[in-house]
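Written out below as structure tokens is the structure these notes cover.
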Amino acid sequence: MTRRTALALVGLAVIGGVAAAGSADINVTPVVTEGKVVASFTAPGAFSDDAREVVKSGLLLTFTYGVELRRPSAVWFDRTVAETTVAASVKFDSLTGIYQVSKLRDGRVVWSERTDKEDEVGGWMTAFDQIALDPTEALESNADYYVRVHLKISPRRTFSFWPWGRDDGSGRKDFTFIR
Amino acid sequence: MIFDSPPPPPPPVPDARRRPLDNPRVLIAVAVLLLLALASLFWLSSRTSDIPPVYLSDFVLYTLLAVDLALLLTLLFVLVRNLAKVWYEQKQAAPFARFRAKLVAALLAMAIIPAVLVLVSGSEIITSSAARWFSEPVDQLLTAAQDIASRLYADHQEATAFRARRLARTLPAKDVTSGQMAAIEPIMKSELTTMQSGMIELYRAVTAPDGQLDVQFLAAEQSSTLPPDHVRALADRLALKALASGREEEAQDDLDSGGVLIRTASPILNADNTAVGAVVVSEHLDGAIKVEARQATNAHQNYQQLKVLKEPLQGSYLAIFLTVTLLILVSATWLGLYLAKRITRPVQKLAEGARAIGAGQLDFRLEPETGDELGALVEAFNMMAAELRTSQRKLEESRLDLEAKNLELDGRRRYIETILDRVATGVISLDSGGQILTVNGAAERLLGLGRGAIGQPATVVLSRPDLQPLLPLVRATWRRDRAGVVEEITLAREDREIHLAAASTALTGEDGAAEGAVLVLDDVTPLIRAQRVAAWRDVARRLAHEIKNPLTPIQLSAERLRRHFAGAGPQTWALVDECTEAIVTEVEALKGLVDEFAQFARLRGPRMLPVDLNQLVEDTLRLYAGVLQQGNLRVERELTPGLPLVRLDAEQIRQVIINLVDNAVEALGGASAPVRPGGERPTIRVATSYDDQGGMVRLVVTDNGPGVPPADREKLFMPYYSTKGRGSGLGLAIVRRIVAEHGGEIAVDDARPSGTIFTVELPAA
């Protein structure tokens, strides 16, 4: 068995870990407005060269962000107060050189744009502004909360024998809810 | 003994541990499912080129990895479980555990080693094949094709942009605003003539009712070759977009006819540099060209996608291969273990069955699981067990029969032994070597032998001085073979004679070989004694008859002589008186003697009535009260109170007591007996007692006189034997006869320090 085969058989499981170790940081900015929490975030490193290669190949690249408003707990698991899912996808037509970018929230397209500028695509894919988080219960005054955003990129360029539950990027921002 | 017909064999013991997988239908279903799974995987692997890479690298890959994980866990579970079972069986030293362990190891090795080798080599093939998917020339070729296609589009786009820009500068803004087409249409037609196939559309800016910027279509010029399926709304939106942005806007509209319209919208500016309208120039690209360009682009994109997704795609193929391998491995492993179980389980069951049969559970049966050779073996085992059961049952019946016969024989033997032991006839059996085998109680008693005589040579045992008369008999037995020897032998034992009628018979087998001899001894002493007594009674009767008859005439004649010579002279009278007196006196004595003879001869049978023996003794001894008052002689009574009544003839037993007491008085010297030499007072002790074990009442008369010599003891009870030198000698003979007729016995023994003891035993009522 060659070294390459050994790597293919044994080391592929490690690749997932390496990829996870290289996941992008997400800058989260929660804002409390009129008793509600909205979150803006950017993932500047998410639109990486790998992502660009995926886009250039004509594959539909999707960044799926899970946004959670959570209440920390010292003795138990943190409680999720509100959550939503937003996504950005881009499809590149190499014949015309046009990027078709769409943004979705909870599975619905809320915004779409075409461009031939890659930089614009990177910005649209990694920045979301004013994502409203509707809590299932009234937020407690002067209580600590945090907004957590985790990113999953599809398709993956890596392979792991245990691909489940791995984020491609994450970020968190704590705040105190003051009414 | 009646033998019942053999019961039907018990049904085979059902195996409660039988699992669903032992059912052939389940096995077939599992095999079909496995084949379906393998077929699905082969189909999937053959259709990977048709599956979108993203779908392959995401959904399919995740699914396969989940299946791989499940199969891996299943394989580990199957291996660990079965290896643990094998280890446990070996630890418990279960039958065929080592054989099963070796079989499992061999089958696992046969399944795992090839599978692992195939997995390793297949993985290497996949990895090396993936590296060959991509090559620089192909990459360059596809990139060049894609560049050409995109350049074609770009050139058309630039051309439309150039025309739109030129028209926007050429068309008079005020005419556009006012909608005066006279000056505009020639310009548009002139421009159209320079285009191979295209269309020019003109719009002017207007304000919508809601105040928003909008466009109004003014005119359009198009080539005659332009397909009619283009949609003006798309040009409307592009014009509005250019008007709103104030810059050129580009678009490509695919036509249903297959071609594409490459459009560019350019705003028309007035002198104030305000957009008053927009011109949209569209060039038609033929469908065939579009298809070729798109094919080139798609080929390039597919190639790039493969490059991008090389790793997950490779993982997908590995996962498919791993799934197939694990499926085969799990199936082969399970099948190997299943086969090992199928092979060893019947053997283990046979071993368990053999142990059960060995432990006596002959009803144990095995259920054949298969119809193959192992099943035939199980059937043979069951037949063997059934035959063993039948044989065991017959043996048991034979054993019970033998036991019953043995018990019967044993009972008979004990019965015969009891009879032999209880009979008055002595029986001694000898083996062929002349050694004593058995001696019954009568023989022991007659010959004074103990249990130690058994096993010793008869010649040794009978060499004892008092038994030596038997030796010739035994020797004669061996000499005469089958012919019996009968002799009357008299033994002198313990100062008395024993008369034996001895018969000896040699025992021979069917082949004539000597097997031993039997010596039968009958004590005929009482018979001889009775014969003598009978003879004496006859003599007494004759004496009484012959002697008593002349006595009366003799006495009368003497008295007549006496009366006749009453007047004779003194000398004569003295002589006659003396002679007649002597005659009369002797005649009276002879009469008394004859009366005793007559009494002995005519002794009647006893009239038995329940009598208190103590009271009878008291009444009898009271007769001696007056007689013995004057002398030294003393009569003592030791009467045990509470004696049971004895059935006896009171008059005869009274005579027994009187005779015994009279004998004692005579032995002590009469009523005025002198003091005994030792200074003892002459004493007669009459005692009674009861032997509750023997049921006999004893009457014992003891004196402290001189006693009876041992040689005379047996003769004491013979008629006409007297040690006193006077009397008839019939007293003790009468006593023995009375006691014997009462079913009792009388014995004489020495008293200590001197004297005689007469013991009479009478059966209690």
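The values are calculated or read from the model by the stated rules, or taken from the named source; none is laboratory data. Values in this document were obtained by computation on a predicted structure and should not be read as measured data. Cβ: placed from backbone, ideal geometry, glycine included. Neighbour counts: every protein chain shown.
Results, tabulated for the structure shown:
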item	result
Criterion (away from chain B (no Cβ under 14 Å), modelled with pLDDT of 90 or more and over 23 Å from A:Thr29 (Cβ atoms)) met by exactly one of A:Val101, A:Val149, A:Val109, A:Val86	A:Val109
Some residue of region B:272-281 being surrounded by fewer than 17 Cβ atoms within 10 Å (Cβ to Cβ), of a type in the set (S, T, N, Q) and touching a residue at least 24 places away in the same chain (Cβ under 8 Å)	no
Qualifying residue in region B:505-516 (condition: small (Gly, Ala, Ser), in a helix (DSSP H, G or I) and either modelled with pLDDT of 85 or more or surrounded by 12 or more Cβ atoms within 10 Å (Cβ to Cβ) (or both))	no
Filter pass, B:Arg681 being assigned by TED's automatic domain parsing to the domain that holds B:Ile734 and either in a helix (DSSP H, G or I) or at pLDDT below 90 (or both)	yes
Matching residues in region B:282-308 - criterion: being more than 8 Å from every other protein chain (Cβ to nearest Cβ), among the small types (Gly, Ala, Ser) and in a helix (DSSP H, G or I)	B:Gly287, B:Ala288, B:Ala296, B:Ala299
Residue satisfying all of: in region B:309-318; part of a helix (DSSP H, G or I) and touching a residue at least 40 places away in the same chain (Cβ under 8 Å); nearest to the other protein chains (Cβ to nearest Cβ) among these	B:Gly315
Residue ranges of strands (runs of 3 or more DSSP E) in region B:555-649 with at least 1 members of a type outside the set (A, V, I, L, M, F, W, C) and exposed (fewer than 13 other Cβ atoms within 10 Å of the Cβ)	B:609-611, B:634-639
Residue match in region B:186-203 (condition: assigned by TED's automatic domain parsing to the domain that holds B:Gly258, in contact (Cβ under 8 Å) with a residue 12 or more places away in the chain and farther than 20 Å from B:Thr160 by Cβ)	no
Criterion (outside any helix (DSSP H, G or I) and either at pLDDT 85 or above or surrounded by 15 or more Cβ atoms within 10 Å (Cβ to Cβ) (or both)) met by exactly one of B:Pro14, B:Pro9	B:Pro9
Flag if B:Leu374 is in a helix (DSSP H, G or I) and surrounded by 15 or more Cβ atoms within 10 Å (Cβ to Cβ)	yes
Output for region B:238-296, where each listed residue is within 19 Å of B:Ala168 (Cβ to Cβ), β-branched (Val, Ile, Thr) and touching a strand residue (DSSP E or B) at 6+ places or on another chain (Cβ under 6 Å)	B:Ile262, B:Thr264, B:Ile268, B:Val276, B:Val279, B:Val280, B:Val281
Subset of region B:362-376 (residues that are modelled with pLDDT of 75 or more and out of contact with any helix residue (DSSP H, G or I) (no Cβ under 7 Å at 6 or more places or on another chain))	B:Glu367, B:Asp372, B:Glu373, B:Gly375, B:Ala376
Qualifying position, being of a type outside the set (Asp, Glu) and within 14 Å of chain A (Cβ to nearest Cβ), among B:Ala173, B:Ala159, B:Ala145	B:Ala145
Selection within region A:153-179 - assigned to a loop (DSSP other than H, G, I, E, B), crowded, with 17+ Cβ neighbours inside 10 Å and within 11 Å of another protein chain (Cβ to nearest Cβ)	A:Pro155, A:Arg156, A:Arg157, A:Thr158, A:Phe159, A:Ser160, A:Phe161, A:Pro163
Criterion (free of Cβ contacts under 8 Å to residues at least 12 places away in the same chain and not in a helix (DSSP H, G or I)) met by exactly one of A:Val109, A:Val101	A:Val109
